[in-house]
Amino acid sequence: RSAYAKENENKTLQFLEYDMREVYQKNNFDVVTNLFTSFGYFEDNKDEQKAINSMANNLKLGGFLVIDFMNVEKVIANLVLKEQKTIDGITFDISRKIEAGHIIKDIQITDGAIKQHFQEKVKAITLADYSEFITTAGLKIIDIFGNYKLEDFNAITSDRLILICKK
């Protein structure tokens, strides 16, 4: 993935790998984004807080942090425990569960005699959880949206939890 990204670099676009729990360039950015549920994968909540803190520290005063996460309340309420899909002769057996504050999706892939297993595990972080992380990091939530059309957030019906925070 890094090699592919490097192929697309130019004078104004560069790709770097960096630990999101560490400050990259203090007080340097107008906007920091964390999109498409790219959060909630650390085992320890201290690491989640470190990540939010570093995002805040990377922002200039008056800068914005944009977080886009799934709406876990809707996901949990509508959780499909088991399903099977067959695409081009490949069978996907998918099971989901809530365990110890995580949403866990197991995917068993069968392609003839070849079987593979993958697991996705993400923390069920709610708006209340994010509010605590963000406040602790010294940021203020200034807007909350429930989808990419920037409609109001509703814990029951919204697909996304999009937070606009200001330093």
If you wrap a convex hull around the alpha carbons of segment 1-90, what volume per residue comes out, as a whole number of Å³? 174 Å³
Report relative contact order for segment 1-137 in percent, whole number only (criteria: Cα-Cα under 8 Å, sequence separation at least 6). 20 percent
Heavy atoms only, probe 1.4 Å: what % of the accessible area of segment 44-148 goes to carbon and sulfur, would you let me know? 54 percent
Partner lysines whose C-alpha sits under 28 Å from that of Lys97, ignoring same-chain residues fewer than 8 away, are Lys46, Lys50, Lys74, Lys82, Lys85, Lys105, Lys115, Lys121, Lys123
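Normalized C-alpha radius of gyration of segment 64-167, against 2.2 N^0.38 Å?
It is 1.34.
Provide the three semi-axes, in whole Å and in decreasing order, of the ellipsoid equivalent to segment 1-153 as defined by the square roots of 5 times the Cα gyration tensor eigenvalues.
Details: eigenvalues 205, 97, 44 Å².
Taking √(5λ) for each eigenvalue gives 32, 22, 15 Å, largest first.
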Determine ³J(HN,Hα), in whole Hz, for all residues of segment 81-89 in sequence, where each value follows from phi through the Karplus function 6.51 cos²θ - 1.76 cosθ + 1.60 and θ = phi - 60°; x replaces Gly and Pro. 5, 9, 7, 10, 10, 10, 10, 6, x
Just subtract the alpha-carbon distance of Ser2 and Leu79 from 0.36 nm times their residue separation and send over the number in nm, one decimal. 24.4 nm
Could you state the angle between the C-alpha long axis of helix 127-136 and the longest principal axis of the C-alpha atoms of the chain, as a value from 0 to 90 degrees rounded to the nearest 10? 30 degrees
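Could you compute the net charge surrounding Glu48? Neighbours are other residues with a C-beta less than 12 Å from the C-beta of Glu48; K and R count +1, D and E count -1.
-1
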Cβ-based net charge around Ile162, under 13 Å, with every Lys or Arg adding one and every Asp or Glu removing one: -3
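Taking the Cβ of Asn27 as the center, what net charge do the other residues with Cβ under 12 Å away carry, scoring Lys and Arg +1 and Asp and Glu -1?
Numbers: positive: Lys26, Lys60, Lys167; negative: Asp30.
Overall, the nearby charge balance is +2.
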The distance between the Cα centres of segment 108-167 and segment 30-52, in whole Å, is 10 Å
Which value in nm describes the separation of the simple spin-label points at Val31 and Asp152, placed 7 Å from the Cα toward the beta carbon? 2.5 nm
Give the long-range amide H neighbours of Thr33: residues separated by 5 or more places, or on another chain, with amide H under 5 Å away, using H modelled in the peptide plane at 1.01 Å from N. Val66
Given Cβ point charges of +1 (Lys, Arg) and -1 (Asp, Glu) and nothing else, what value in debye, to the nearest 20, does the dipole of segment 1-154 about its Cα centre take? 100 debye
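The values are calculated or read from the model by the stated rules, or taken from the named source; none is laboratory data. These numbers come from a predicted model, not from an experiment. In this analysis, Cβ positions are derived from the backbone assuming ideal geometry, glycine residues included, and neighbour counts consider all displayed protein chains. Surface areas here come from the heavy atoms of the whole protein model, side chains and all, with no ligands, DNA or RNA. Shrake-Rupley method; radii C 1.70, N 1.55, O 1.52, S 1.80 Å.
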